[in-house]
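Accompanying notes for the structure given below.
Just so you know, all these numbers are worked out from the coordinates, no wet-lab data involved. As the structure is a prediction and not an experimental result, all values here were calculated from the model. A quick note on method: Cβ atoms are made from the backbone with ideal geometry, for glycine too, and the neighbour counts reach across all protein chains shown.
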Amino acid sequence: MSKLHSVATEHYMNTQRVLGDHVYAAASVIPAGRAFDLVASRYSHSVALASRFYNLMSVSSGNSGMKKFPHMSISPDHIDNALAKAGPGQLPGAVQSLILSGGRDLITQTSEIDPLAEGWDWVMEPEACDYCASKAGPGTGDFRAHYSCGCIAAPRFTESKTISTG
């Protein structure tokens with residue numbers, strides 16, 4: 001990974017961590033009935049941060065970046081089901097996980113459809129748990145994060161990869 005990619009990845013991880021910490025704190029003090037609104041209103045923030053990060057990684061590899069990303073949304077049923085499964089004291093972590101899944105999903109799904117991407121990596125946060133440490137590296141399938149997970153998905157590119165059209 002180039003120095004620019006390392007710096008960009010660290011910056012993105014920090015911005016996602018700030019967003020995650022903000023929503024965790026908010027979910028800790030709001031009534032449980034307002035958690036749905038918090039997820040619905042902040043999910044798109046994680047997606048927007050991820051799209052900027054994805055394009056920075058692409059352009060810094062000599063590519064043109066993505067012009068159109070997959071549409072990312074979170075269904076009301078998914079929010080309801082995930083929040084209903086959260087046990088006592090787990091609501092803030094569940095809210096945080098749901099919101100940050102927007103960015104993770106955008107990176108993993110875009111990496112799969114972008115012909116210039118080689119895939120994505122599971123980048124663990126500095127204080128990663130054993131589960132996340134075992135997942136670190138090239139990603140496969142879905143990014144299945146746990147409550148309060150601060151790990152991110154990062155797109156993987158080679159320098160100036162081009163696609164032949166002939």
Counting sequence-distant residues (5 or more places) and residues on other chains, those with an amide H built under 5 Å from that of ARG156 are GLU118, GLY119, TRP120, ASP121
Rounded to 10°, Cα long-axis angle of helix 3-29 versus longest principal axis of the chain: 10
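Using a Förster radius of 30 Å, what is the FRET efficiency between SER2 and TYR131 based on their Cβ-Cβ separation? Nearest 0.05, please. Provide the component values of the computation, followed by the final result.
Details: r = 28 Å, r/R0 = 0.95.
The value I calculate is 0.60.
By counting other Cβ atoms within 10 Å of each Cβ, how are ILE99, ILE113, ILE30, ILE74 ranked from fewest to most? Kindly include the intermediate steps, with their values, before the conclusion.
On the way: ILE99 28, ILE113 10, ILE30 15, ILE74 19.
Lowest count first: ILE113, ILE30, ILE74, ILE99.
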The chain, helix-only ellipticity at 222 nm - DSSP H runs n ≥ 4, -39,500 (n - 2.57), divided by all residues, nearest 500: -18500 deg cm²/dmol
